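In what follows, a structure is listed as structure tokens, so that the remarks can point back to it.
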Amino acid sequence: MEKAQLSRKERDLTPEAFTKFLAILDPDPDVAGGKYEDLRRQLIKFFEWRGALFQDELADETLNRLARKIDEGEEIEKNVIALSLGIARFVFLETLKRPDNRRTEMKELSAVAAPPERREEDDDLWTVCLRECLLGVSDENRALIIEYYQDEGRARIDDRKILAARLGLSLNALFSRAKRTRDKLEECVTRCVKRKSKGRHESP
Amino acid sequence: MDRIHTQHDLIEHYLLGELSEAERTALEDEYFSDVEKYDRLCKAEDDLLDRYARGSLTGADRERFERGYLTNSRRRRHAMFAKALTKVVDEATRPAAPQTEGGARIERVGPGLSWRTWLAPPLRVPRFALSLTLITGALLIGLGGAWLAIQTSRLRARLAESRRESETQRRLAETQARRIADLEAQYKRLADEG
């Protein structure tokens, strides 16, 4: 993937500034690390839902700017999330103005317009990879993901209530658990598809 | 844009990029600062993806989704993954007995079912074929046994009948032999007298 053209100054962050940022998130470094990852995930989603490209890099850029602001002594009036969102919106607006971003969009669009005969083959590859990745998940989480995402509409809602009651979890806790497993599986499947596609194209 | 009736509609419009900048910013401020609300956004996105993957969106909604949602590679990756997930989930939950209630669906994929069975469909076919062969074999043995029993019974009946006929023939032969002997004795006596 092409890197977003961010200046070196924008990307660099001193360890002191980063430590100060973590301390704002939580006094316990382990808890702070977890909160940092959660915040990063949320920012990636923000950029994704805004339709931006290179969401990971834009999220990192947002976090770096936030850390620098904290290091420079900026007071956090509401909460870290609110401040991050404000910065993220600026970062997003900047990407819209960048000419290289438009060029990449064209490249992205050409990927959407793949010939239809490739699509079915790709579908199979994703399914094959998902089966492989499911074997690497614990039995408990495998059962959870299948039960959680079965059916649709009313039946799905009822099933989830039954499943939550059986596991002694609230519906929100059940969703978080299923979602974590789903996200991990998607990452595993994406890596697997990339690996297999590369092998397929390299073979004669 | 359609009128927004519920929070769910609002979220869907957000995910499809159909809100104004002001509406979008308001929704983000509200939903990103509350963990439960943020989870609701993620859940709505997964549900939308799964409905698309299962082909249950209407033609118009499908078009909206493809135009408004599939706008970058990460989102297309979500869609491809959702297709694979719904396919594998549907396969895993299909083979069991017909559904009677919500709980029945849960039971289908419960601990009793071997996940490796459905994760490797090529292995399922020989197992099914083996079961079919065993059932057919058992049926053939059962039918063969019944046929043999019937045949044995018939043969026994025929044997008994033959024995009875043989006994009758033997008795008839004895009677006739006695009559012949009587007639010979009678003939000899008449010849001696004459």
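The values are calculated or read from the model by the stated rules, or taken from the named source; none is laboratory data. A quick note: this is a predicted structure, and the numbers were derived from the prediction, not measured. Backbone-built Cβ (ideal geometry, glycine too); neighbour counts: all protein chains shown.
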Checklist entry - Of all residues in segment A:134-158, which are at the interface with another protein chain (Cβ under 9 Å from one of its Cβ atoms), in a loop (DSSP other than H, G, I, E, B) and touching a residue at least 12 places away in the same chain (Cβ under 8 Å)? => result A:Tyr149
Checklist outcome for this item: Per the filter on segment A:159-187, residues within 22 Å of B:Tyr52 (Cβ to Cβ) and either facing another protein chain (nearest Cβ under 10 Å) or not in a helix (DSSP H, G or I) (or both) are A:Asp159, A:Arg160, A:Phe175, A:Ala178, A:Lys179, A:Arg182, A:Asp183, A:Leu185, A:Glu186, A:Glu187
Checklist outcome for this item: Only one of (1) assigned to a helix (DSSP H, G or I); (2) under 41 Å from the mean Cα position of the chain (by Cα); (3) more than 24 Å from A:Cys192 (Cβ to Cβ) does not apply to B:Glu23, and that is (2)
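Among A:Leu109, A:Leu130, which is the only one that is under 20 Å from the mean Cα position of the chain (by Cα) and either at pLDDT 90 or above or surrounded by fewer than 16 Cβ atoms within 10 Å (Cβ to Cβ) (or both)?
Details: A:Leu109 fails: under 20 Å from the mean Cα position of the chain (by Cα).
Unique residue meeting the criteria: A:Leu130.
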Checklist outcome for this item: Counting only residues that are more than 8 Å from chain A (Cβ to nearest Cβ) and either farther than 18 Å from A:Ser170 by Cα or of a type outside the set (A, V, I, L, M, F, W, C) (or both), segment B:34-44 contains a total of 3
